[in-house]
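Take a look at the structure below.
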Amino acid sequence: MSVSSHDVEKRPKDAQSVSTADDDDKVLQEIGYVPSFRREFSNLATISFAFSIMGLCSSIATTFNTPLLLGGPSSVTWCWILGASMCFTLGSSIAEIVSAFPTCGGLYTASAQLCPPRHRARVGWVVGWLNILGQIAGLSSTEFGLANMIWAAVVVAKDGEYTYTQGQVVGLFAGLLIFHGILNCLATRYLAHLTKTFVFVNLGTTAIIIIVLLAMTPRSEMHPASYVFGSAGIINQTGGWNDGIAFLFGLLSVQWTMTDYDATAHISEEVKRAAYAAPSAIFIAVVGTGIIGWLLNIVVVLCSGPLENLPGPSGSAFLEILATRIGKPGALFIWAFVCLTAFFVCQTALQACSRTVYAFSRDHGLPDRGYFGQVSKITMTPLRAIWFTTLWSIVPGLLDLASPIAANAIFALTAMALDLSYIIPIFLRRFYRNHPEVDFKPGPFYMGDGLLGWSANVICIVWTLFVCVIFSLPTVLPVTPENMNYASVITAGVVILSGLWYMLGAHRHYHGPTSNVPKYADTTTPESEKKEVA
């Protein structure tokens, strides 16, 4: 019997909500998992979550020094739109997979489902560790950036006559992380209500910065178009790299900002109509961040003033530009909201990473006998995984006290580790598309097997491999132990060490993402691996 739209409208809202939740849970069980969380994230909260994980104005403010001081103003503007366009293909490809596999394991779970059973454990193991490494490094680096942003504001407030120590930065960093850990212990309902406000603060702050800078900068002091977009704006300050490489270093800002796309996937078991809402939120956030971020970069460069005055006493070129154009009180007022958006990035990043840890532990990917793969009966959130993520994210910051080089190397690998974990399932989806043991069932968000889908997948894979080369280069020449870029070494080291760990012992307890639905419990473990375990 069919149900008319009129009958649906007459249903009580609670009944419609239950029906939607039942449909979501049915999809999850078809993938092979029993629902563990409460679905409290609405469409607005999910979109806000996706926008917040990228940060927009706070992420641009944190990374603005890199393109401006290495490649020059033109590098800031053109590398942003170039990187954002490529990130659009990656975000679309990820959204397609998330729509088909709306689980808290995200692309970690999907990658194992997109290859033949005999490869699932190995693929899941590598992708899981890369993803967790990238997320923890990303959370730690963002929190560290927030601590530096707050101290930079103090320097500006004191007219440059205050010097903060590295110990103060690390102390504030650790305190902020612990506070975020406490906030993430709230029940999903409260997290959803809190997250709804993030997008308005984020976009509102960005709009205010654009309007105020344009209004407060005299026309005569704005840079010409040739400086913002042309060859006059290519100013190589790398100490030895040619202009082309110096220009491409501008990609470091956009790639660091527009990453962690799959964060929305990790909360998909807490999202209503997840197969629709999660990928749509990723798509909307990628497009919005790309376009609005480009406009913000153009305006900040246009109003930046003499390059030789930057980054100024605070060490933040973005803040110095605000202070020059708006005045110290106005700049600090706006900067408080920029810091608030960075605070939201850390809040959402911790929530997403803890769900990945929960999923990986549930599948026995951690040597904890599933200890961190448990959900609290009180809050219905993975409290153990939350504190695992919080405490491990503090470690890179503490390293800064002993070796800033080591800490910066861990921070730098964020985009490389995450993006590599993304392109593996995208590659597998195409490589094994006709394999008899791989059954990819597209979700509602699907680009198809035609030119559009293939183009997006191939472009994002090639682009990611290209930018990983850029991520691996030291940004300043000549190379010294202090400015050497160790990101690629650490990322490769993690892959190699995790692979050795798997071969030497982890294969005995880890067999890839494993269903926890009783009647499906053994279907994801290949017979060959069952015999090995026996």
query: So is I211 under 27 Å from F411 (Cβ atoms) and of a type in the set (A, V, I, L, M, F, W, C) or not?
result: no
message: Here are the criteria: (1) open to solvent by less than 10 Å² (accessible area, probe 1.4 Å); (2) of a type in the set (D, E); (3) closer than 29 Å to A317 by Cβ. Tell me which single one D260 does not satisfy.
response: (1)
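Matching residues to (1) of a type in the set (A, V, I, L, M, F, W, C); (2) closer than 26 Å to C468 by Cβ:
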| residue | (1), (2) |
| --- | --- |
| H364 | no, no |
| I386 | yes, no |
| L391 | yes, no |
| I394 | yes, no |
| G397 | no, yes |
| A406 | yes, yes |
| M416 | yes, yes |
message: Given the criterion touching a residue at least 40 places away in the same chain (Cβ under 8 Å) and on the phi > 0 side of the Ramachandran plot, identify the matching residue among G138, G160, G128, G145.
response: G160
message: Here is a list: A215, A207. Which entry is part of a helix (DSSP H, G or I), more than 31 Å from the chain's Cα centre (by Cα) and either modelled with pLDDT of 95 or more or under 23 Å from L477 (Cβ atoms) (or both)?
response: A215
- prompt: Here is a list of conditions, (1) open to solvent by 10 Å² or more (accessible area, probe 1.4 Å); (2) among the polar types (S, T, N, Q); (3) within 17 Å of L177 (Cα to Cα), and S140 meets all of them except one; can you say which number that is?
  reply: (1)
- prompt: Since A278 meets every condition but one in (1) assigned to a helix (DSSP H, G or I); (2) open to solvent by 10 Å² or more (accessible area, probe 1.4 Å); (3) of a type in the set (G, A, S), which condition does it not meet?
  reply: (2)
task: For the range 189-203, state whether one or more residues are modelled with pLDDT of 90 or more and over 29 Å from T379 (Cα atoms).
output: yes
message: So, in the range 308-331, how many residues would count as being crowded, with 18+ Cβ neighbours inside 10 Å and either aromatic (F, W, Y) or assigned to a helix (DSSP H, G or I) (or both)?
response: 11
message: Condition first: β-branched (V, I, T), open to solvent by less than 10 Å² (accessible area, probe 1.4 Å), farther than 30 Å from K328 by Cβ and outside any loop (DSSP other than H, G, I, E, B). Can you find one or more residues in the range 158-180 that meet it?
response: no
- request: Identify all residues within the range 205-252 that are closer than 13 Å to G72 by Cα, crowded, with 18+ Cβ neighbours inside 10 Å and either polar (S, T, N, Q) or free of Cβ contacts under 8 Å to residues at least 12 places away in the same chain (or both); write none if there are none.
  value: N236, T238
Pairs with Cβ under 6 Å, 6+ apart, first in the range 164-191 and within 22 Å of T264 (Cα to Cα) and among the β-branched types (V, I, T), second in a helix (DSSP H, G or I) and open to solvent by less than 30 Å² (accessible area, probe 1.4 Å): T188/E270
The range 239-271 - residue that is over 27 Å from the mean Cα position of the chain (by Cα) and at pLDDT below 90 and, of those, farthest from V345 (Cα to Cα): G240
task: Please report, ordered by residue number, the helices (runs of 4 or more DSSP H) entirely within the range 13-109 with at least 3 residues that are surrounded by fewer than 22 Cβ atoms within 10 Å (Cβ to Cβ) and at pLDDT below 85.
output: 13-31
- request: Would you please name the residue that is most open to solvent (accessible area, probe 1.4 Å), looking only at residues in the range 356-390 that are free of Cβ contacts under 8 Å to residues at least 60 places away in the same chain, not in a loop (DSSP other than H, G, I, E, B) and not hydroxyl-bearing (S, T, Y)?
  value: R384
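The values are calculated or read from the model by the stated rules, or taken from the named source; none is laboratory data. What you see is a predicted model; the values in this text were computed from it and never measured. With ideal geometry, Cβ positions are generated from the backbone for all residues, glycine too; neighbour counts draw on all protein chains shown. Heavy atoms of the whole protein, side chains included, go into the accessibility calculation; ligands, DNA and RNA do not. Shrake-Rupley method; radii C 1.70, N 1.55, O 1.52, S 1.80 Å.
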